[in-house]
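Trainee: Pasting in a structure now, in structure tokens, and then I'll have a few things to ask.
The values are calculated or read from the model by the stated rules, or taken from the named source; none is laboratory data. Since the model is a prediction, treat every value here as computed from it, not as a measurement. Here Cβ is always computed from backbone atoms with ideal geometry, including for glycine, and neighbour counts include all displayed protein chains.
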Amino acid sequence: MTHQPAVFNRTYDEAFALVVEARNYMRYVEPRTRRRSGEGGLERSCEALRVTSRLTQVMAWLMLQRAVMAGEVTQEQAMAEDNLLSGQEVCLVEKDGLDLPPGLHSLLERSHRLYQRVSRLERMVLARLQGGSLMVH
């Protein structure tokens with residue numbers, strides 16, 4: 001297995017921890033919140049799915065990058081169009097003014113930042129493969 005950059009390891013660890021936290025929230029906290037407040041259930045469900053979509057996209061991309069670092073696939077294979085982050089029309093949306101429980105609001109904010117960061121990493125890798133360079137801000 002080849003060396004994995006620290007930034008990649010930190011991002012992977014953060015994403016994995018957020019997946020576990022989101023799972024625990026959806027399994028244990030959300031049902032109690034739903035019972036206490038019947039209003040906004042559809043809104044909460046939609047935003048919970050947005051968190052799930054972001055985390056699914058991010059983990060799939062990061063796992064492919066791990067496979068690249070392990071020598072299991074080439075970077076070109078990992079960056080094929082079918083393997084790129086998708087769902088931008090869902091994952092990049094931020095809705096302000098929603099009356100959401102604090103836990104869900106926190107998951108939404110952090111999953112959005114993570115998705116944006118991984119999107120920047122993806123653009124950097126693509127630029128490198130295409131022979132260019134891309135600064136990350």
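Trainee: Can you say whether E81 is closer than 24 Å to L42 by Cα and surrounded by fewer than 14 Cβ atoms within 10 Å (Cβ to Cβ), as far as the supplied structure shows?
Mentor: Numbers: closer than 24 Å to L42 by Cα: no; surrounded by fewer than 14 Cβ atoms within 10 Å (Cβ to Cβ): yes.
Spelling it out, it is not the case that E81 is closer than 24 Å to L42 by Cα and surrounded by fewer than 14 Cβ atoms within 10 Å (Cβ to Cβ).
Trainee: Hey, T2 hits all of (1) exposed (fewer than 14 other Cβ atoms within 10 Å of the Cβ); (2) modelled with pLDDT of 80 or more but one; which does it fall short on?
Mentor: T2 satisfies every listed condition except (2).
Trainee: Checking the condition at pLDDT 95 or above, surrounded by 12 or more Cβ atoms within 10 Å (Cβ to Cβ) and either among the aromatic types (F, W, Y) or in a helix (DSSP H, G or I) (or both), which residue from T11, T33 passes?
Mentor: Details: T33 fails: at pLDDT 95 or above.
Every option except T11 fails the conditions.
Trainee: For the subset of segment 84-112 comprising residues that are among the hydroxyl-bearing types (S, T, Y) and assigned to a helix (DSSP H, G or I), which member is nearest to A17 (Cα to Cα)? Lay out the reasoning, then the answer.
Mentor: Kept after step one, since they are among the hydroxyl-bearing types (S, T, Y), are these residues of segment 84-112: 86, 106, 111.
So of that shortlist, the ones also assigned to a helix (DSSP H, G or I) come out as 106, 111.
On the way: S106: 14, S111: 11 Å.
Here the answer is S111.
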